[in-house]
Structures are given as C-alpha cells and as structure tokens.
Amino acid sequence: MEYPDAVREFARYMARPTEELRLDEAALLLARTEYPALDLPAQMARLDALAARARCDPGQSPHANIARLNRLLFEEENFTGNEEDDPRNSYLNDVLDRKLGIPITLSLVYQEVARRCGLPVVGVGFPGHFLAKYVAASGEILLDPYHRGAILSLQDCEEKLKAQFGEEAEFRPAFLVVSSTKQTLTRMLNNLKGSFFRRKDFAKVLMMIEMALAVDPASRQEIHDRGMVYFLLRRYREAMTDLRAYLTLSPPDDPQIPGVRTMIHRIRAMHN
C-alpha cells in the first residue's frame, strides 16, 4: 500500500534523536495525514500567541501561573472537553480551531502554552484520562485540562480510576509518571486508530498503525493489530506474515496467542 507523504514525513521526523522531538510539531505532522496542506509554522504561531497572552512568569508561584493559564484557556478562549467520538478531537489544528478536544489534546495545548511561558508543565499518561502536572520545586501539582485545569488530589485520581475501570481498580503511583513525547504520540495514534476502526475506515486504521510503528518499531501490539486489519481487508498474505511475526515475538503466556492461532488456521482453511 502506498501511504501519503505525511506518513513518510512523520516517520522521518520520529527517526530523529529523542531530544530533538517536539510534541507540538509531531502532533501537527500527525494531523497532516488528514490535512496535507497544513502550515506547521502558522499553527505553532497560534500557540506562541496564546503563550504571549497568558502573562505567566516562572518566578511567580505555581498556583498563580496555573490560575493565569486556566483563565486564558478556559475562560477567555473557552477550550472545552468533547465526549463525541470525533477524529477531529485528536488533530491539534482542529482543537485550536474548534476549542474542543479530548483529555490528551487539551493537555497537549496546556503543556505547549506552558512550555512557551517557561513553566515546568508535563503530560501524565493516567489510565483512561490523560492529565498534566506542574513540576514545582515545592511539589508536583496534578491538573485536569479536560475539566478546565482543575487541580487534583491523589484521592481525586483514585476516584477517576475507579469511575473508569470499576471499584476493584487499584491506584498506583506509576500512573502519575511523566508521559514522554513518544508515549503521548502513541496514545494519540491509538485514539485515532480506535475512532477509525469504529467507523470501519480500515485504510485509515492501517495508516495510524504505520505511524505508531514509526514511533515504536518493536511494538508487538501494532504488528498484531495490523495483521488483524489486513485480514478484515482480505489481504490474507500480509495478514499471515504479521500474525506469524507476532507469534514469534510473543512470550508463551501472551493471552492473545490463541486468537492469533485461530486466525492463522482460518486463513489456511480459506486457501486449501
């Protein structure tokens, strides 16, 4: 399959040394799969303009800076969480246009405006609901840009976890570690993959998988998922190659192995 130039451009960008990767730039390259003519410098200038209006100061208290960011983004600009299953919630340019997003993209905007102000705000890959945190000398402050930059306690986070995954879900401090640029991009691509899969747009699902493999070429899960999508597209030879590769790479106790073996048997039976 011939992928759009945007996919190759994204892959070239992800091949750079990790310290050269910028989340805003990578997110906009991702958006070019949908908007090939997207002007990256113009989009990044929009974030620059927001930061200039925030009037934050690294010398001020974290809570004062958080209040300024929240006033700008959620009162003046009215960025809002959107629960609809809409791919536009995952494209940074659309989020800036529509002022609507999901937890991860609203956190991305928050993080990038804060970074331009010299503030130590990072993303947090909390299960089921991406967060941000202000890493202050006095301690870390957890924030929820999806809910207007609300400051969260550990108990709030535990309640979020149980609301999402059930009362038996166990909170772990590891859920609050910083999400790297690559981890954040992988999660954004996974959201898009799910959204396109629910729309049965398997060509776009494959495109998201190729980009996820550019972020992490060793991802067994992406190889598994690509094999399954190839099967749905009746591209059985490619499906067989990926599913066999998945079996080779998987530990013996991988719970997905029986399903993969069943799929391989189905493909073989269809060709006998």
**OP:** Check A114 against each of (1) modelled with pLDDT of 95 or more; (2) out of contact with any Pro (no Cβ under 9 Å at 6 or more places or on another chain) and name the one condition it does not meet.
**Re:** (2)
Subject >> For T186: the one exception among (1) surrounded by 15 or more Cβ atoms within 10 Å (Cβ to Cβ); (2) assigned by TED's automatic domain parsing to the domain that holds L92 >> reply: (2)
Original post:
Is it fair to say L249 is more than 22 Å from D24 (Cα to Cα), of a type outside the set (G, A, S), outside the structural domain of H129 (by TED's automatic domain parsing) and in contact (Cβ under 8 Å) with a residue 40 or more places away in the chain?
Top reply: no
**OP:** Could you please let me know if D94 is under 30 Å from L206 (Cα atoms) and surrounded by fewer than 17 Cβ atoms within 10 Å (Cβ to Cβ)?
**Re:** no
**OP:** Report, ordered by the first and then the second residue, all pairs with beta carbons closer than 6 Å, sequence separation of six or more or different chains, a first member in segment 162-178 that is under 15 Å from F130 (Cβ atoms), and a second member that is charged (D, E, K, R).
**Re:** none
**OP:** Take segment 124-158 and flag every residue that is of a type in the set (G, A, S), touching a residue at least 24 places away in the same chain (Cβ under 8 Å) and either within 20 Å of D57 (Cα to Cα) or surrounded by fewer than 16 Cβ atoms within 10 Å (Cβ to Cβ) (or both).
**Re:** G128, A132, A136, S138, G149
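The values are calculated or read from the model by the stated rules, or taken from the named source; none is laboratory data. Quantities reported herein were computed from a predicted structural model and do not represent experimental measurements. Cβ coordinates were reconstructed from backbone atoms using ideal geometry, including for glycine residues, and neighbour counts include every protein chain displayed.
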